[in-house]
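Structure, as structure tokens:
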Amino acid sequence: MKILIADAFPEEHLNRLAAAHDCAYEPDTTADQLAERIGGCEVLVVRSTRVTAETLRAADALRLVIRAGSGTNTIDRDAASRLGIHVSNVPGRNAIAVAELTFALLLALDRNIPDNVADLRAGRWDKKRHSRARGLFGRTIGVVGLGRIGLAVAERAAAFGMRVHAVAKPDRDDETLERARAIGITFVADLAELARTCDVLSLHLPSAEGTRHLVDRDLLAQVRPGTIVLNTARGDLVDEEALIEAMDAKGVRAGIDVFADEPGTPTGPVESRLAAHPNVCGTHHIGASTEQAQLAVAAEVVRMVEEFAAGTVLHCVNPEAVREFVPSLSISEGP
């Protein structure tokens, strides 16, 4: 098979793919260039590069797009489905990395680490100012979304002596419920109650029609003054203007790794009122960017390609939409 890998990919796993397939490794490909380079490729592997409808229409042999991560919001799934192209993700392999960054942001906010560092680098000593911190032990964190990442965050929070709350749902699987019991998660009735009862709200949901602007003015009206909001999931979960208003009016603080209008290139200028706000500790959408996570994701991508060559699509996120076009393939649905 001919495979185009349009983002950075670990050399060891690239060599494994190249030993069995015709691999084009072009990690600097931009979304605008992708349509010109997709010709003849049966499999496309991307990480952050956007896959537009134009690119998918230009593909003359494409059968599978693999997003080397959990979210597929950077891929035009509707266009792929109409064209009979499978879209798959790599769920769960970056959970540890994202959970680690989530907790890093929480600790940075609680101990005011960015301003500590900035003052020291500027030659300023202000122990009185920087000694103010609430601490995490005994605080309550509300985890919104108990997938692999949410559970990993909950486990780390419990290890820090935090009380962990989440919204009760009737359809959770036995494995999730067992892990929740082991962590000691307390379930509450709804998101509004979660907001009212927690010192920290941590978001771990996919981008979907029902999650856009989940954190809006109504929800932020429920949170306590000084609440910390953490978003290492998707930028559109948060109404950024509403969050800015809550930070100004109620002293809400935020740890943000994802933004609504992120640059489409790895480097360059960024304009974001949210990122620039003094109550925000922000990072550059780096949640999954650890060596451990990238090696784990790459190993799963290799397995997915091998299974696809043998006739099975793993972790497919649009199975029903494409099944009629390729009935000979076995499809393993992703979350």
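Coordinate-derived values only; no laboratory data. The model shown is predicted, which means the values in this text are computed figures rather than measured ones. Neighbour counts are summed over all protein chains in view; Cβ atoms, including those assigned to glycine, are modelled from backbone coordinates with ideal geometry.
Once the Cβ-Cβ distance between LYS127 and GLU241 is put in as r, and R0 is 25 Å, what FRET efficiency do you end up with, to the nearest 0.05?
Working: r = 36 Å, r/R0 = 1.43.
Calculated value: 0.10.
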I want to verify a result. In a Gaussian network model of the chain, Cα cutoff 10 Å, which of these has the top mean-square fluctuation: LEU120, LEU177, LEU295?
LEU120
Non-local residues with an amide H under 5 Å from the amide H of GLY69, with H modelled 1.01 Å from N and Pro and chain starts lacking one, are VAL90
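When HIS204, HIS13, HIS315 are ordered from fewest to most other Cβ atoms inside 10 Å of their Cβ, what list results? Mind dumping the intermediate values first?
Values: HIS204 27, HIS13 20, HIS315 23.
Ordered from fewest to most neighbouring Cβ atoms within 10 Å, HIS204, HIS13, HIS315 come out as HIS13, HIS315, HIS204.
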GNM on the chain, Cα springs under 10 Å; top mean-square fluctuation among ASP173, ASP261, ASP190 goes to ASP173
Eigenvalues of the Cα gyration tensor times 5, then square-rooted: what semi-axes does that give for the chain, in whole angstrom, largest first?
38, 23, 18
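Net charge within 9 Å of GLY69 by Cβ-Cβ distance, Lys/Arg positive one each and Asp/Glu negative one each, not counting GLY69 itself? Numbers along the way, then the final one.
Details: positive: ARG47, ARG67, ARG93; negative: none.
Around GLY69, the surrounding residues sum to +3.
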Whole-Hz couplings from phi, Karplus 6.51/-1.76/1.60, listed for the stretch 76-86; x for Gly and Pro:
6, 5, 4, 5, 4, 5, 4, 8, x, 9, 6
Mind running the shape call on the stretch 19-75? Use the C-alpha gyration tensor, a ≥ b ≥ c as the square roots of the eigenvalues: rounded below 1.5 for a/c, prolate if a/b tops b/c, oblate otherwise.
rounded
Placing +1 on the Cβ of each Lys and Arg and -1 on the Cβ of each Asp and Glu in the chain, which of MET162, LEU101, ALA19 has its Cα farthest towards the positive end of the resulting dipole?
MET162
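So what is Rg over Rh here for the stretch 95-282, counting just Cα atoms and using Kirkwood for Rh? Write down the numbers at each step before the final one.
Working: Rg = 16.5 Å, Rh = 17.1 Å.
Result for the stretch 95-282 is an Rg/Rh of 0.97.
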Fluctuation leader among SER207, SER131, SER272 - the chain, Gaussian network, Cα springs under 10 angstrom
SER131
Under a 5 Å amide H to amide H cut-off, with H placed in plane at 1.01 Å, what residues pair with GLY282 once short-range neighbours are removed?
ILE256
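State to the nearest 20 debye the size of the charge dipole of the stretch 95-282 about its Cα centre, where the only charges are +1 on K and R beta carbons and -1 on D and E beta carbons.
On the way: 24 positive and 27 negative charges, 222 e Å.
Charge dipole of the stretch 95-282: 1060 debye, to the nearest 20.
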Got a sec to turn the phi values of the stretch 234-248 into Karplus ³J(HN,Hα) couplings, 6.51 cos²θ - 1.76 cosθ + 1.60 with θ = phi - 60°, whole Hz, x for Gly and Pro?
9, x, 7, 5, 10, 6, 4, 5, 5, 5, 4, 4, 5, 5, 6
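By count of other Cβ within 10 Å, fewest leading, how are ASP78, ASP110 ordered?
On the way: ASP78 12, ASP110 20.
Going from sparsest to densest Cβ surroundings: ASP78, ASP110.
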Quick one: 3J(HN,Hα) in Hz for the stretch 290-305, Karplus 6.51/-1.76/1.60 with θ = phi - 60°, rounded, Gly and Pro as x.
10, 4, 4, 5, 5, 5, 5, 5, 4, 4, 6, 4, 4, 4, 5, 5
Put a dot 7 Å past each Cα toward the Cβ at GLN33 and LYS169; how far apart are the dots in nm?
3.9
Stretched fully, the stretch from ARG303 through ALA118 gains (0.36 nm per residue minus C-alpha distance, one decimal, in nm) 62.2 nm
Which cross-chain or sequence-distant (5 or more) residues have an amide H under 5 Å from the amide H of ALA24, H modelled 1.01 Å from N in plane?
ILE3, LEU4, ILE5
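Within 10 Å of each residue's Cβ, count the other Cβ atoms and sort ARG217, ARG253 from fewest upward.
Numbers: ARG217 13, ARG253 23.
The fewest-first ordering by Cβ neighbours comes to ARG217, ARG253.
What number, rounded to the nearest 500 deg cm²/dmol, is the helix-based mean residue ellipticity at 222 nm of the chain, given -39500 (n - 2.57) per DSSP H run of at least four residues and division by all its residues? Intermediate results must be reported in sequence, preceding the final value.
Numbers: 15 runs with 130 residues, N = 335.
After summing the helix terms and dividing by residue count, I get -11000 deg cm²/dmol.
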